[in-house]
Amino acid sequence: TKKELPEHFKAYKHVWVFIEQERGQVHPVSWELMGAGRKLADKLKVELAAIVLGPDDEATQHAAAEAFSYGADLTYVVADPLLTDYRNEAYTKALTDVVNTYKPEILLLGATTLGRDLAGSVATTLLTGLTADCTELDVDADGSLAATRPTFGGSLLCTIYTLNYRPQMATVRPRVMPMPEREEKPIGRIITHPLGMVEDDIVTKILSFLPDRDSAKSNLAYADVVVAGGLGLGSPENFQLVRQLAGVLGAEYGCSRPLVQKGWVTSDRQIGQTGKTIRPKLYIAAGISGAIQHRVGVEGADMIVAINTDKNAPIFDFAHVGIVTDAIRLLPALTEAFRARLSPHSRDRIAS
Amino acid sequence: MHIVVCIKQVPDSAQIRVHPVTNTIMRQGVPTIINPYDLFALEAALALRDQHGGEVTVLTMGPPSAEDSLRKALTFGADRAVLLTDRFFAGSDTLATTYALATAVRKIGETFGAPDIVFTGKQTIDGDTAQVGPGIAKRLGLLQLTYVAKIANVDLAGRSIQVERRSEGGVQVLQTRLPCLITMLEATNEIRRGAMADALRAARAEVVIWSAKDAGVEDISKCGLRGSPTIVKRVFAPSARAEKATMVDFSETAPADALIAEIFKRQPKLEDDLAALARGY
Ligand SMILES: Cc1cc2nc3c(=O)[nH]c(=O)nc-3n(C[C@H](O)[C@H](O)[C@H](O)COP(=O)(O)OP(=O)(O)OC[C@H]3O[C@@H](n4cnc5c(N)ncnc54)[C@H](O)[C@@H]3O)c2cc1C
Ligand SMILES: Cc1cc2nc3c(=O)[nH]c(=O)nc-3n(C[C@H](O)[C@H](O)[C@H](O)COP(=O)(O)OP(=O)(O)OC[C@H]3O[C@@H](n4cnc5c(N)ncnc54)[C@H](O)[C@@H]3O)c2cc1C
């Protein structure tokens, strides 16, 4: 299937990461992608560029400067008041223009609501391939981007290429890639590009923005400790055992997808390919089989502990510590044992 | 008003089983359903039609058997169904899919009246890319409203629409012009049961069946595998971790303590972290 790359695509070079800004804040997924992009650029022996879109203000300048501390060799900036809030029309034009002018071979975006809205429009405008929700990015021997994602319905992964078109585009969900170490660096090369639009060119108007209340958000994706339950728990009542253990550990609780589909747990608690990706220090999974769509959401955990009655459950293929037993009986005991072990009283005793 | 709703027929993933030995998908006998996310789009469209009058046309690209899903949509109350089916479409990635669907929407407009709104679901449960909605919008030059939670107001005469759109960290209240494309968020409404009359009508209704040529596809090389820039090169099973999981013996008298001891043995620092967390720092 690989033909010689068409002549007009041969000028496409370097790896780009789209830096997503929301009301002055860079979305962490952008820095995670800089880490992944750095590796691709080093392997290809090309440059890593950040592309920052936003209003002409301090936050945008700051994001452009920060990009160097996360590994950028250079940064492209389109700064214009029309880019203050995200609107598809203006952002699509800005990103497409910069790509057409400076021709990257690889373009990575976060698979957020903003990133997915933008990536689909840009890829269609450029008539190139876009691989969604990748869990692994690599370049193969002949320098093509190898983007891996889970395939539907089975415990399998697939690797997708965009061989004959440029740029090769991919999205990655937050927390899938590790956050790279920030290294203080001076501001390097910044290339600015004009937006070339006036407000009248943009049809869609933002009437207002209603921020989420903080209490409405679970901190699952960024939690240090996560306890989750699956269908093996058998009933919504038994799921309380998961919440109780999470309570004692100061942890967030989560679940596999079927529990959301059954209405036992709200969808913001789903862990996996179509839910949240987590990278905690400790992940405890009770009554979860470990299907690929669940696995890709938890593989970044430092330690995975699995409780399952089936010693052949796939989760034991990627867990660090396992126990073959009935979670409904073990969870209350585990909650009590952790409570005893972690109480200040018992720690004083250990210390003395 | 005329509304087009794009629906996809997908395998009912809740019923897919993986063969325990060969690790392959056991597809035989897996029933197909309308992609669950698309029902929110369909209901939103039906509600707008009820309010403003007009027609809802459902459109799918798929194998001949996808007619089942279209008939199902008719039982919910859609007025017309169009099946786009042709061997040239096989193996389409999202770019090729949007080429075919955008062409069909154009043809629907020429044949049955220009649509005011095109709806899609947020994403599918099989391909799961969420790329098809934005792709159709771009190809048709429609304004794009993704992740819409609520359609607040439609002013047909004034050609404008107001919606609430889920974005990172909040909800954007947007106003734009008709025609537009909306991808509807899940759990924003509940599909109606469908009236008896609709069920009877659906059973007898004629589904419009278009080949690539019927739909007005001009360039077959933009369809299917040939028109798809992405190429699936390798399908493989994930490997087990090199190092096997340490198994804690359940028959011990205090398995919970044994499990905790194993966790802290492997990562001593974790105990301090956990103690701090448990105290609420
Ligand atoms: C497109 C797509 C996207 C998906 N996205 C996700 C996703 O984001 N997240 C996700 O989780 N899934 C997702 N899935 C579903 C996934 O394929 C699995 O079906 C799902 O993860 C299985 O959930 P489970 O492990 O809870 O249930 P099961 O697979 O039924 O496993 C239950 C487990 O519990 C064990 N068990 C039974 N009784 C007990 C007991 N008393 N004590 C201890 N263990 C017990 C069993 O041995 C078994 O291993 C997706 C699927 C598709 C097709
Ligand atoms: C495992 C796997 C991975 C894939 N990965 C990619 C990838 O990374 N990039 C890529 O370009 N393609 C990919 N594809 C191909 C892609 O799934 C198909 O092109 C598919 O036809 C549409 O994409 P989707 O299912 O992701 O739809 P989505 O973009 O998730 O669907 C959004 C909405 O578009 C509408 N819609 C989608 N398909 C149809 C249809 N056939 N008829 C009517 N309406 C429809 C529905 O309203 C749906 O809710 C993949 C396919 C598989 C099986």
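The values are calculated or read from the model by the stated rules, or taken from the named source; none is laboratory data. Fair warning: this is a prediction, and the values are worked out from it, not measured in the lab. Backbone-built Cβ (ideal geometry, glycine too); neighbour counts: all protein chains shown.
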A:GLN270 being at pLDDT 95 or above, near ligand 1 (Cβ under 9 Å from one of its atoms) and farther than 22 Å from B:LEU277 by Cβ: yes
Counted residues, the range B:72-104 - those being more than 16 Å from ligand 1 (Cβ to nearest atom) and either part of a loop (DSSP other than H, G, I, E, B) or within 14 Å of another protein chain (Cβ to nearest Cβ) (or both): 18
Test: residue in the range A:144-153 that is aromatic (Phe, Trp, Tyr) and modelled with pLDDT under 95: yes
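From B:SER239, B:SER211, which residue is exposed (fewer than 15 other Cβ atoms within 10 Å of the Cβ) and touching a residue at least 60 places away in the same chain (Cβ under 8 Å)?
Among B:SER239, B:SER211, only B:SER211 is exposed (fewer than 15 other Cβ atoms within 10 Å of the Cβ) and touching a residue at least 60 places away in the same chain (Cβ under 8 Å).
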Residue within the range B:139-152 that is of a type in the set (Lys, Arg), more than 13 Å from chain A (Cβ to nearest Cβ) and away from ligand 2 (no atom under 14 Å from the Cβ) present: no
Every residue from the range B:125-137 that is more than 7 Å from ligand 2 (Cβ to nearest atom) and buried (at least 24 other Cβ atoms within 10 Å of the Cβ): B:PRO134, B:GLY135, B:ILE136, B:ALA137
Residues satisfying the stated conditions in the range B:268-280, i.e. within 42 Å of the chain's Cα centre (by Cα) and either modelled with pLDDT of 85 or more or more than 8 Å from chain A (Cβ to nearest Cβ) (or both): B:LEU270, B:ASP273, B:LEU274
Single match in A:VAL203, A:VAL198, A:VAL176 (criterion: hydrophobic (A, V, I, L, M, F, W, C), more than 22 Å from A:HIS27 (Cα to Cα) and away from every other protein chain (no Cβ under 13 Å)): A:VAL198
Helices (runs of 4 or more DSSP H) within the range A:236-336 that include 3 or more residues polar (S, T, N, Q): A:236-249
Criterion: more than 11 Å from ligand 1 (Cβ to nearest atom), away from chain B (no Cβ under 11 Å) and either under 19 Å from the mean Cα position of the chain (by Cα) or surrounded by 15 or more Cβ atoms within 10 Å (Cβ to Cβ) (or both) - qualifying residue of A:ALA251, A:ALA301, A:ALA228, A:ALA286: A:ALA301
Qualifying residue in the range B:176-184 (condition: within 16 Å of ligand 2 (Cβ to nearest atom), crowded, with 18+ Cβ neighbours inside 10 Å and assigned to a loop (DSSP other than H, G, I, E, B)): no
